[in-house]
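The values are calculated or read from the model by the stated rules, or taken from the named source; none is laboratory data. Worth saying up front: this structure is predicted, and the values here are computed from it rather than measured. Cβ coordinates were reconstructed from backbone atoms using ideal geometry, including for glycine residues, and neighbour counts include every protein chain displayed. When the accessible area is computed, the model is the full protein with side chains, heavy atoms only, and any ligands, DNA or RNA have been set aside. Shrake-Rupley method; radii C 1.70, N 1.55, O 1.52, S 1.80 Å.
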Amino acid sequence: MLRYLLSRLLTFVPTFIGVCIISFAFIRVLPGDPIIVMAGERGVSEERYQELYEQFGFDRPIVVQFWDYFTGVLQGDLGTSYVTKRPVWDEFFSLFPATLELSICAILLAILLGIPAGVIAAVNRGKFFDRALMSSALVGYSMPIFWWALLLIIVFSGNLGWTPVSGRIDLLYFFDAKTGFMLIDSLLSGQDGAFQSAVRHLILPAIVLATIPLAVIARQTRSAMLEVLGEDYIRTARAKGLAPMRVNGVHALRNAMIPVITVVGLSVGMLLAGAILTETIFSWPGIGKWMVDSIYRRDYPVVQGGLLLVALLVMVVNLLVDLAYGLINPKIRKR
Amino acid sequence: MTLLNIKNLSVEFETAGGAFRAVDGVDIAVDENDILAIVGESGSGKSVSMLAMMGLLPWTATITADEMSFDGIDLRDLSAKQRRKVIGRDMSMIFQEPMSSLNPCFTVGFQIKETLRIHMDMDRAQRQKRAVELLELVGIPDPERRLKAFPHQMSGGMSQRVMIAMALACKPRLLIADEPTTALDVTIQAQILDLLTDLQKETGMALILITHDMGVVAETAQRVQVQYAGQKVEEQPVRDLFAHPHHPYTAALLDALPERATERHLPTIPGVVPGQYDRPQGCLFSPRCKFADDKCRAVSPPVQPRDLGLARCHYPVNAKEDAV
Ligand SMILES: Nc1ncnc2c1ncn2[C@@H]1O[C@H](COP(=O)(O)OP(=O)(O)OP(=O)(O)O)[C@@H](O)[C@H]1O
Ligand code: SF4
Ligand SMILES: [Mg+2]
């Protein structure tokens, strides 16, 4: 297991360098000049432009610029935002909890609904529930996120007035962000109705963000279960006189979880992509919205630093998935 | 009293190509202390008839029988829940592929103790003790350590021993062994068969041994029942069957044994067991039988009396003059 972990960590190195290069190059190949964008309607004089141009280091060769960025990254310095003048690290960490909270709720929703749904569909293969679930999974998977979000907003916020359209909590509540997670902070604040308000703000974005992973997890669980249910050891389990709940829920599911975990891991990567859209639609103050805003502002350090951190995050999640894999699959654990 | 008594068991599968009768009017009777071998080529419905009895067939199967009783219980009108109290406890089964019959995600100990937990009134310590005892019983060295092993860490022979230990956990009255040695090396095969017969003697349970190897039958069983294309075609005590087979199919199977071959080339039975789409009229064996005539091809043969091995044949072989 330790050797396995070390070899995994080694593959991190080239991936990391690659991600640095891509994050650096991505924003620079987009047309648009950060100085002009920053100046806005008023424009900027020729001298001032030259001054800023040198100040940002744009006059130096691109390779040198990259080297500066790369050595900075290695020392833990991601630069400062052109716009807010705050370090990218600080901005990231003040916004990240909002994204994390949304993502955790979404993935939990997807797992807690998707796995049981997949199991029930597989056990009742070809029956009504199975067909209904698989068709909705197909729809959920292929539906454009923003369209689905708007639909939910129209129905639940517009027609029914049950949920707010944006933000993380009503403006009348104000308290310290002790953990950065609104659900926990609102509970800690002890203010009446704060928690309920946080839940109502969270629920639609979480549903929207959970939709695709939910569909993917349900489908993967179903197909993995179908495969496992035909195995000899399932017949053995039934021949022992075990109840169907135990055969399906313990003997079959444990084996079916092996491919499902991979899909959950991949979903986390997709989740971050989905979070960008979802946060923008619901004005959720997380890193997704932050990055979209900085792309519009051509805020190079924020975009490249944000991309890098998100990519690192996905890599770490994948590593964790591999570890979980080893825990559940004894054939890997003993290597 | 007969421990297991099955009369006229039929199993029909609903398939894309219509109904398929995998088991066709089979009788099976076993007493305590009895070893019955069921022999037949692949596809003759041996496994399906046993799985039907255990209630392990998929819903596409329709099971009918005039009688199906075990230890005085009518298996036909048992609810699924009541049946689960019997199978795995009083009636248990081991399978052909030991390696894939154990769940790869759980330790050997977990899988053995699970059976004890659902059927027996035992606490943790008792279950651990019984599990160790069971592994010793089936001849697995260092049982405490083996209980913590996962199935992929064991050989096929070892896995089959574990399967046997699991099947014996609750001291069953009947053990069904469905080709328990087919997937194993020849040397291991003999060990597992010896183990099974020893355990049978020790416990006095009934044993149904499914096989397509007549050699295995000669060494282990007391009675043999030959199945062909879903039908029972003959039944006799082992010695009599080997001396005087009455059904041409049995005779052909015996002729195909290397140790009984009289010619230099081993005689084989031409053709294969009829499947869903090529079931013949009349006698099911007629396309492959060297004695077949027009009557065989048109009329289903009757079951002959017991002194002719209950052979399902118009012209049983080895019939004594006075018996006909
Ligand atoms: N679930 C099923 N659906 C349809 N047909 C089936 C099913 N299970 C078994 N059969 C058919 O029933 C027939 C008898 O199968 P069975 O497994 O009992 O044979 P067997 O005598 O045990 O052979 P083997 O020596 O290969 O184990 C075969 O033709 C098989 O294709
Ligand atoms: S009935 Fe005829 S074809 Fe069938 S086994 Fe007997 S002799 Fe052969
Ligand atoms: Mg079989």
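Structure data summary
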quantity	calculated
Within segment B:6-19, tally of residues that are touching a strand residue (DSSP E or B) at 6+ places or on another chain (Cβ under 8 Å) and surrounded by fewer than 17 Cβ atoms within 10 Å (Cβ to Cβ)	4
Filter result (more than 18 Å from A:N124 (Cα to Cα) and either within 12 Å of another protein chain (Cβ to nearest Cβ) or part of a strand (DSSP E or B) (or both)) within segment B:55-77	B:G55, B:T62, B:I63, B:T64, B:E67, B:M68, B:S69, B:F70, B:I73, B:D74
Selection count, segment B:62-120, where residues are within 16 Å of ligand 1 (Cβ to nearest atom) and over 28 Å from B:F20 (Cβ atoms)	1
Elements of type helices (runs of 4 or more DSSP H) in segment B:93-182, at least 3 residues being away from chain A (no Cβ under 13 Å), of a type in the set (D, E, K, R) and more than 26 Å from the chain's Cα centre (by Cα)	B:124-137, B:143-147
Selected residue (only one of B:V299, B:V272, B:V216, B:V317 is closer than 29 Å to B:Q200 by Cα and either aliphatic (A, V, I, L, M) or touching a His at 6+ places or on another chain (Cβ under 8 Å) (or both))	B:V216
Segment B:79-92, subset open to solvent by 30 Å² or more (accessible area, probe 1.4 Å) and either in a loop (DSSP other than H, G, I, E, B) or at the interface with chain A (Cβ under 10 Å from one of its Cβ atoms) (or both), residue farthest from A:Y233 (Cα to Cα)	B:S79
Residue match in segment A:218-236 (condition: touching a helix residue (DSSP H, G or I) at 6+ places or on another chain (Cβ under 6 Å), under 30 Å from B:C170 (Cβ atoms), within 14 Å of another protein chain (Cβ to nearest Cβ) and among the basic types (K, R))	no
Members of segment A:243-258 that are without any contact (Cβ under 8 Å) to a residue 40 or more places away in the chain and over 18 Å from A:I120 (Cβ atoms)	none
Filter pass, A:L151 being in a helix (DSSP H, G or I) and either touching a residue at least 12 places away in the same chain (Cβ under 8 Å) or open to solvent by less than 60 Å² (accessible area, probe 1.4 Å) (or both)	no
Segment A:256-273 - residue that is open to solvent by less than 10 Å² (accessible area, probe 1.4 Å) and either at pLDDT below 90 or in the same structural domain as A:V37 (by TED's automatic domain parsing) (or both) and, of those, nearest to A:G326 (Cα to Cα)	A:G265
Filter result for the condition that a residue is in contact (Cβ under 8 Å) with a residue 60 or more places away in the chain, surrounded by 14 or more Cβ atoms within 10 Å (Cβ to Cβ), in the same structural domain as A:V317 (by TED's automatic domain parsing) and among the polar types (S, T, N, Q), over A:T80, A:T99	A:T99
Top-ranked residue in segment B:43-54 [being away from ligand 2 (no atom under 16 Å from the Cβ) and part of a loop (DSSP other than H, G, I, E, B); ranked as least open to solvent (accessible area, probe 1.4 Å)]	B:G45
Out of A:D322, A:D293, sole residue that is more than 30 Å from A:P164 (Cβ to Cβ) and open to solvent by 20 Å² or more (accessible area, probe 1.4 Å)	A:D322
